[in-house]
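Since the structure comes first, as structure tokens, the remarks are kept for the end.
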Amino acid sequence: MPLRALLMLLSLYVSLILWMTVGFITLILPRWFAMRLARSWGLYFVWLCRVVGGIKVEFRGRQNIPPGPLLVAIKHQSLWETFMLLGVFDDPCFIMKRELAFIPLFGWFIYKMRNVPINRKDGARALIKLTRAAHREIHADGGRQILVFPEGTRRPPGAEPAYKYGIAKLYEGLNVPCLPIGLNSGCFWPRQSLKMKPGTIVVDILPPIQPGLDRAVFFQRVQDEIETSSNRLMHEASA
């Protein structure tokens, strides 16, 4: 493993454990204390990537983020965006696989922050539970942002899209704007790999898709917009 990658991963996991240990007290305090802790961790993570990993970030289109309740659909290529997003949105609520909630300490913060773990093996029943939980959270505390990786798992840059139809059902059920986000993080921090490439990850925050579209029309549109953006950024990184 390259020395830079080793230092980055070591710094990441040691600091994450220390951050959660120091912030353990927030588990018995009101939720917003834990959210402040998570946001500060997200900002620290971006700093850590730049200083230790040599991976910078450029945000494009931050002015496209509307206030209030929001469904956010993000391209998922790397571990990087999972932590980065904590520092971007005011009150994010992640839709995530249930297995993450079983990790000691980390899982406790997942529940304290009122993220929504789902059991993908439950099929259609899981989608019904997800929609109900997301609807409850998106209108809580003045309006939260529901963050979803529409493909459900990390995909390498340039791979054939594998979007799940659940994003369209969420869009229909929540009746709020959907914010598509493309990126090229996999070009610098590939999935299932210990190799990291110094450079600048670009996060492309696209104009929101307003509610009211036909479900099938929305599903095609959100996929086209995210893939077009991410593929453009992939070619930009390779150039």
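No lab work stands behind these numbers, since they all come straight from the coordinates. These numbers were taken from a predicted model, which means no experiment stands behind them. Neighbour counts are summed over all protein chains in view; Cβ atoms, including those assigned to glycine, are modelled from backbone coordinates with ideal geometry.
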> Per the helix-only calculation at 222 nm, which mean residue ellipticity applies to the chain, given -39500 (n - 2.57) for every DSSP H run of n ≥ 4 and division by its residues, nearest 500 deg cm²/dmol?
Replying inline: -13000 deg cm²/dmol
> Which of Glu172, Glu151 comes first, and how do the rest follow, when ranked by fewest Cβ neighbours within 10 Å?
Replying inline: Glu172, Glu151
> Given Lys97/Lys164; Lys121/Lys169; Lys164/Lys195; Lys56/Lys97, which pairs have Cα atoms separated by over 22 Å?
Replying inline: Lys164/Lys195; Lys56/Lys97
> When Glu236, Glu225 are ordered from fewest to most other Cβ atoms inside 10 Å of their Cβ, what list results?
Replying inline: Glu236, Glu225
> Which whole-number percentage describes the relative contact order of the chain, with Cα contacts under 8 Å and a sequence gap of 6 or more?
Replying inline: 27 percent
> Counting other C-beta atoms within 10 Å, which of Leu105, Leu12, Leu70 has the fewest, and how do the rest follow?
Replying inline: Leu105, Leu12, Leu70
>> Looking at the chain only, what percent of DSSP beta bridges run antiparallel? Nearest 5 please.
In response: 15 percent
> Between the stretch 184-239 and the stretch 131-174, what is the C-alpha centre distance in whole Å?
Replying inline: 15 Å
>> So if I take the centroid of the Cα atoms in the stretch 9-56 and the same for the stretch 90-125, what is the distance between those two points in Å?
In response: 18 Å
> Taking the Cβ of Asp90 as the center, what net charge do the other residues with Cβ under 15 Å away carry, scoring Lys and Arg +1 and Asp and Glu -1?
Replying inline: +3
> In whole Å, what are the Cα extents of the stretch 3-238 along the three principal axes, biggest one first?
Replying inline: 50, 47, 36
>> Below 8 Å between Cα atoms, with a sequence gap of 6+, how large is the relative contact order for the stretch 8-65 in percent?
In response: 36 percent
